[in-house]
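Coordinate-derived values only; no laboratory data. Everything quoted here is computed from the prediction, not taken from an experiment. Here Cβ is always computed from backbone atoms with ideal geometry, including for glycine, and neighbour counts include all displayed protein chains.
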Amino acid sequence: MAEQRASRRKFLGGAAAGVGLVGVGVAAGYGIRSLNDTSVDTPQVSQVAVESAASGALAVVPFYGDRQAGITTPQQERMVFAALDVTTADAGELQQMLERWTAAAARLTAGKPVGRRTAADDQPPIDTGEVVDMGAHSLTITVGFGASLFDRRFGLADRMPAELRPFGTIPGEERMNPAISDGDLCIQACADDPMVASHAIRNMVRAARGSAIVKWSQLGFGQASSTDAGRRTPRNLMGFKDGTNNVTADDHATQDEQVWVPRGPGSAATSWMTNGSYLVARKIKMELERWDAEPLDEQERVFGRKKVSGAPLSGGAEFTPIDFAKTDDSGAPVVNVDAHARLASPQQNGGIKLLRRGYNYIDGQDQATGKLSAGLFFVGFQRDPQAQFKVLQTRLGTSDLLGEYVATIGGGLWACPPGVRGPGTWFGDELFL
Ligand code: HEM
């Protein structure tokens, strides 16, 4: 047996040496090839790609802190979002579930399996296993509480913040489908790898078993808005740069003013939300076939910006402030009075801003029409959704030129409590004090 092990080690050693030899062979081949081949930089380029992919895989966003990650932390490439309904009527069980979620999220965001222990061989494994050895890929897990959690079941009715009350039907949102709207709880998992994000949600849902079930969920990709100052602005599925005038990750003054719930004299009903933020999600379907048939100048009129550069139609480059007063030779405003970028701008809305952190989605073809079932999964964070999202959406839903090409079909509003400050505390613990 010992001999077998030794020979197996020897074999592995030999294999490793073989890999090394292959490497040498490639390098040697490259050296020879480079004598008469102009594509000489290929090996170095792929080496760099491998190294940067490894560091991206290992990247960890700290979980513990005064504020939850996944809000002002840099936006990742992928999102899996789930809305859940609580099935237990026992407040103690709900708290235990939130404690399990916290422990799970702390491990998953560190790139570890969901549980510290491993199960016996005759039991289902504690972690589902599909991302073993993959790294954290900057995973963040953000948890929120919906208005329905504050009904009579858990004795929380008098702790509901006024900011969380349901909006009613806002203009432009008449087609919201209740089956893909709201939920007692939400989890937003974002990562630079789709497996890592979906593994997180799958294992959090497992940890909720017996206490909560998924009501609806959504996959998103390709960050439809930028929160990183200095990073290339990503594009939405309509082909426009999205996030040019977003609240950036390094703009702490605006975050404190517009995104985070401040510490203050607020009532007991809201004090547990200090350092939290309100998440508004909207699944907004795009009529892409119709959009793609529109001339470029019409597409640019809708947003008030150039398609390729992202510059305002009033002139300049992408980050030049929009000149809303500029008129053309006929005296008409260069940026249409109903252009999306004008209607949504803080200049036109008493200084209101939102931190947009949405993702593109494609759910395949619509079975009934054969058209693409695709659009924007809008996610916006703010300190008071009644004074921010609701005001903006009322304006956009009333006259936005974009309204002809999009329809809001689902979504919800959740209160994301402050961050988990360390082991022994858990998501929203102050709510239950
Ligand atoms: C499918 C739906 C939507 C699309 C395709 C879209 C796309 C865009 C684009 C291309 C811009 C200009 C670039 C930028 O500054 O980021 C923009 C700006 C903006 N949008 Fe939207 N948007 C959508 C829905 C919404 C909704 C529902 C809201 C909020 C109620 C919203 C709020 C904003 C805000 C606040 C700005 C920045 C305006 C400024 O400060 O200049 N958008 N959007």
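Per-residue packing, averaged as other Cβ atoms within 10 Å, sorts the ranges 132-143, 359-370 into the order 132-143, 359-370, beginning with the highest. Comparing the stretch 138-179 with the 2.2 N^0.38 Å rule of thumb, its C-alpha radius of gyration ratio is 1.53 (two decimals). Label sites at Glu289 and Ser399, each approximated as a point 7 angstrom past Cα along Cα to Cβ, lie 3.2 nm apart. The phi torsions of the stretch 148-154, fed into the Karplus equation with coefficients 6.51, -1.76 and 1.60 and a -60° offset, translate into couplings of 5, 5, 9, 6, 7, 4, 10 Hz, rounded to whole numbers, with Gly and Pro shown as x. Phi-derived couplings, Karplus 6.51 cos²θ - 1.76 cosθ + 1.60 at θ = phi - 60°, listed residue by residue for the stretch 172-178: x, 10, 5, 9, 5, 8, x Hz, with x used for Gly and Pro. The stretch between Thr128 and Leu433 holds 106.4 nm of extra length on full extension. This uses 0.36 nm per residue minus the Cα-Cα distance.
Placing pseudo-labels 7 Å out from each Cα toward the beta carbon at Phe167 and Asp66 gives an inter-label distance of 3.0 nm. Within the straight-line cut-off of under 13 Å between alpha carbons, the aspartates and glutamates reachable from Lys306 are Asp242, Asp297, Glu298, Glu318, sequence neighbours fewer than 8 places apart in one chain being disregarded.
When shorter helices are ignored and each DSSP H run of at least 4 residues is given -39500 (n - 2.57), the per-residue value for the chain at 222 nm works out to -8000 deg cm²/dmol. Excluding residues on the same chain fewer than 8 positions from Lys283, give the aspartates and glutamates whose Cα lies under 14 Å from its Cα. Reachable aspartates and glutamates: Glu173, Glu174, Asp182, Asp363. A viscosity of 1.567 mPa s and a temperature of 4 °C, combined with the Kirkwood radius over C-alpha pairs in the Stokes-Einstein formula, give the stretch 177-282 a diffusion coefficient of 77 µm²/s. Across the chain, Cα-Cα distances exceeding 41 Å account for 26% of all pairs. In plain terms, the bigger the Kirkwood radius, the slower the diffusion; for the stretch 237-389, with that radius from Cα pairs, at 20 °C and 1.002 mPa s, Stokes-Einstein puts D at 122 µm²/s.
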